[in-house]
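The values are calculated or read from the model by the stated rules, or taken from the named source; none is laboratory data. For clarity, every value in this text was computed on a predicted model and none was experimentally measured. No Cβ is skipped: glycine too gets one built from the backbone with ideal geometry, and neighbour counts run over all protein chains shown. Ligands, DNA and RNA are stripped out before the accessible areas are found, and what is left, the full protein with its side chains, is counted by its heavy atoms. Shrake-Rupley method; radii C 1.70, N 1.55, O 1.52, S 1.80 Å.
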Amino acid sequence: MGDHILVIDEGTTSTRAIAFNHDFKETALSQCELNLTYPKDGWVEQDGLEIWQATLDAAHATIQSAGGIDQFVAIGITNQRETTLLWDCETGVPVGPAIVWQDRRTAPVCDHLRVEGHGPQVESITGLLIDPYFSATKIAWLIKAHDLSTEALERGQYAFGTIETWLIWNLTGGRVHATDVTNAARTSLMDLERNTWSGPMCDLFGVPRSLLPEIRSSAGRFGDTDPELFGRSLPVLSAIGDQQAALVGQGCLRPGQGKITLGTGAFLVSNTGDARPRSQHALLATRAYDTGQGQSAFALEGAIFNAGTVVKWLRDELGLIGSAADSEAMARDVGSTQGVFFVPAFTGLGAPHWTPDARGEITGLSRSTRAAHIVRAGLEACAYQARDLLDAFAADGARVETLRVDGGMASNDWLMQFMADICDVQLERPSYMEMTALGAAALAAFELGWLTPEDWAERDSGLQRFEPEMSPSQRGSLLAGWRRAIQKSISPV
């Protein structure tokens, strides 16, 4: 009998499959890149069938690398949140492309709902703001754009899912249509305090209840995989949204503990325990996790839409760097940006601004500006946006004194030190940084009985610390420049 958990980590730009042994050591990893398409300004799409095939390819490669299917006892899933997919249950084919979480096409609908005064009701029930970011308006858009008949919807021909639901449905051969509380909490359709679909929200956003999956705990038996996929069945024992998975992976299972994940976007999440947070500064109340063993928590969250996408844009669209690793060397090569500020509002600004119509700005350019200054400004933007979030958290009474970091950009030592300086906070970086996948593995391990959540919270993750070194006057000057640039992005005229 094996002792490995296979984690499917389905992100925005890639799908990875990672094998963890009983000691939570990574023994194999495979990754498949995913395509994003941008058919119109503010639109971001993906191919659901490509995501499923990439998941299969990555899983097969990891299983083989780890010694075969007999090495594995369970599967855990973590996923990009809010990305919305509808599919035909009879054919298994998606209804059009998946609408990615970054997509802003439903901004006019959201504007209309806000003008009509629905914001307080939505926040009260769901913990969320009215924004294109969340799934509900995406679902309604797909129904209308593809002219899905009311009769077909009501008889259950079509299904909605965020990506973990789509993967569970495919992994189980179409037998299980389920989501977990953390993903359901990001749709604008779940009653945050009851963990049930809200009738008033379904009616408000025009989403038929027949489309919706069953809401379950983050840990539990979601179903067994079709034996033909991997040679024999494996139980799917966890499913959790990527940011909450990283919170679990970091061991932030006590109120007041927080982490920021620096991936495609950047997400600051703080565990608030049994207390549902109510923000006065455009932060989000959400579910942190539910272990299925009577242990669950709320969380306060701030979302930055563009972080790692900046580095990718500098590489792929501008050609200023050859690889993501080049950005650190270029940032070190110049002592400052020489007054250049980069606001990466490619798809609007998230928390605490929530301005979907904002667009990217590079300000302060001069004849002496070089590529390295722009690259450094792109990295600095991640730290400035994190500072904006931390200020909002503090204003809501949830000050973060020590912040744990993970995600691809966290490997950049220069950026970590700059972020500690600008945020004026101690950063803690674990020795193993695949916290999203590790969180999904931990939840599956709870279900297997390998350890308890209390054991996990005490686990030593080999933290490296970055202490703030910048003078208050320098920090103040830089933040003032950043705030002027942000204002230009929000109000360009």
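How do the peptides 471-478, 92-99 rank, highest first, by the average count of neighbouring beta carbon atoms within 10 Å per residue? Please report the intermediate quantities before stating the final value.
On the way: 471-478: 12.4, 92-99: 19.5.
Order by mean packing, descending: 92-99, 471-478.
Can you work out the Karplus-derived ³J(HN,Hα) for every residue in segment 42-54? Use 6.51 cos²θ - 1.76 cosθ + 1.60 with θ = phi - 60°, whole Hz, and x for glycine or proline.
So the J values, rounded to whole Hz, are x, 9, 9, 10, 9, 9, x, 5, 5, 4, 5, 5, 5.
Modelling each spin label as a point 7 Å along the Cα-to-Cβ direction, I'd like the GLN426/ASP111 distance in nm, to one decimal.
Distance between label points: 4.7 nm.
Kindly write out, for segment 323-338 in residue order, the coupling ³J(HN,Hα) from the Karplus curve 6.51 cos²θ - 1.76 cosθ + 1.60 (θ = phi - 60°), rounded to whole Hz, with x marking Gly and Pro.
Whole-Hz 3J(HN,Hα) from phi for segment 323-338: 8, 4, 5, 4, 5, 5, 5, 5, 5, 6, 6, 10, x, 6, 8, 6.
Write out the trypsin sites (Lys or Arg not before Pro) in segment 1-57 meeting two conditions: DSSP loop, and at most 14 other Cβ atoms within 10 Å of their Cβ.
Those satisfying the criteria are LYS25, LYS40.
Expressed as a rounded percentage, what relative contact order does the chain have, with Cα pairs under 8 Å and six or more residues apart?
Relative contact order of the chain: 14 percent.
Under the rule of at least 5 residues apart or a separate chain, name every residue whose amide H is placed under 5 Å from the amide H of ALA297.
Distant-sequence amide H within range of ALA297: ALA288, TYR289.
At a Förster radius of 22 Å, what calculated FRET efficiency corresponds to the Cβ-Cβ distance of ALA394 and GLU467, to the nearest 0.05?
0.70
So between LYS25 and ARG483, what do we pick up on full extension, going 0.36 nm a residue minus the alpha carbon distance?
Value of the extension gain: 160.6 nm.
When the helix-only estimate is applied to the chain (DSSP H runs of n ≥ 4, each -39,500 (n - 2.57), divided by the residue count), what is the mean residue ellipticity at 222 nm, nearest 500 deg cm²/dmol?
-10500 deg cm²/dmol
If you average the C-alpha positions of segment 111-170 and of segment 338-411 separately, how far apart do those two centres end up, in angstrom?
Taking the Cα centre of each part, segment 111-170 and segment 338-411 sit 29 Å apart.
Mind checking which lysines have their Cα closer than 30 Å to the Cα of LYS25? Skip sequence neighbours fewer than 8 apart in that chain.
By straight Cα distance, LYS25 reaches LYS259, LYS312.
Go ahead and collect, in residue order, the members of segment 8-40 whose backbone nitrogen is under 20 Å from a label point 7 Å along the Cα-Cβ direction of ASP70.
Residues 19-22, 27-28 qualify, since their backbone N sits under 20 Å from the label point.
Pull out the extension gain between ALA275 and ASP413, defined as 0.36 nm times the separation in residues minus the alpha carbon to alpha carbon distance; nm, one decimal. Provide the component values of the computation, followed by the final result.
On the way: separation 138, 0.36 × 138 = 49.68 nm, distance 3.50 nm.
Length gained between ALA275 and ASP413: 46.2 nm.
Residues with amide H under 5 Å of THR196's amide H, sequence separation 5 or more or different chain, H placed in the peptide plane at 1.01 Å from N; which?
Those qualifying (amide H under 5 Å, at least 5 residues apart or on another chain) are ASP191.
Under a point spin-label approximation (7 Å from Cα along Cα-to-Cβ), what is the TRP43-ARG332 distance to one decimal in nm?
With each label placed 7 Å out from Cα toward Cβ, I get 4.3 nm.
Rounded to the nearest 0.05, what FRET efficiency do CYS89 and ASP357 give with R0 = 41 Å and r taken as the Cβ-Cβ distance? Could you check?
Here the calculated transfer efficiency is 0.65.
Between the DSSP loop rule and a limit of at most 16 other Cβ atoms within 10 Å, which chymotrypsin sites (Phe, Trp or Tyr not before Pro) in segment 418-487 are left?
Here the sparse-neighbourhood loop sites are TYR432.
When the label point is put 7 Å from the Cα of ARG209 along its Cα-to-beta-carbon vector, which residues of segment 174-200 have a backbone N closer than 11 Å?
Label zone hits: 197-200.
Kindly report the accessible area of the chain per residue (heavy atoms of protein chains, probe 1.4 Å, no ligands, DNA or RNA), in Å².
36 Å²
If the reach is capped at under 19 angstrom between alpha carbons, list the lysines near LYS144, excluding any in the same chain fewer than eight residues apart.
LYS40
When the distances between all Cα atoms of segment 112-213 are binned every 10 Å from zero, what whole-number percent does each bin get?
Values per bin, smallest distances first: 15, 47, 32, 5, 0.
Enter the accessible area of TYR289 (Å², nearest 10), with the probe set to 1.4 Å and all protein chains included.
20 Å²
Measuring from label point to label point, each 7 Å out along Cα→Cβ, what is the THR150 to LYS312 span in nm?
Here the modelled spin labels are 4.0 nm apart.
Check each of the trypsin sites (Lys or Arg not before Pro) in segment 190-243 and keep only those in coil by DSSP with at most 13 other C-beta atoms within 10 angstrom; list them in order.
Values: sites: ARG194, ARG209, ARG216, ARG221, ARG232; in loops: ARG194, ARG232.
Passing both the DSSP loop test and the Cβ count: ARG194, ARG232.
Not counting the cut sites, what is the longest span of the chain without GluC sites (Glu not before Pro) that DSSP labels loop and that have at most 11 other Cβ atoms within 10 Å?
Longest site-free region, per DSSP loop and neighbour criteria: 117-316.
Rounded to a whole number, what % of the accessible area of the chain do carbon and sulfur atoms account for, probe 1.4 Å?
Numbers: 8510 of 17970 Å².
That fraction is 47 percent.
Roughly how many whole Å is it from the C-alpha centroid of segment 233-253 to that of segment 435-476?
13 Å
Express in whole angstrom the spacing between the alpha-carbon centres of segment 3-23 and segment 74-107.
20 Å
Which semi-axes, in whole Å and largest first, does the equivalent ellipsoid of segment 204-255 have when worked out from the alpha carbon gyration tensor as the square roots of 5 times its eigenvalues?
24, 23, 9
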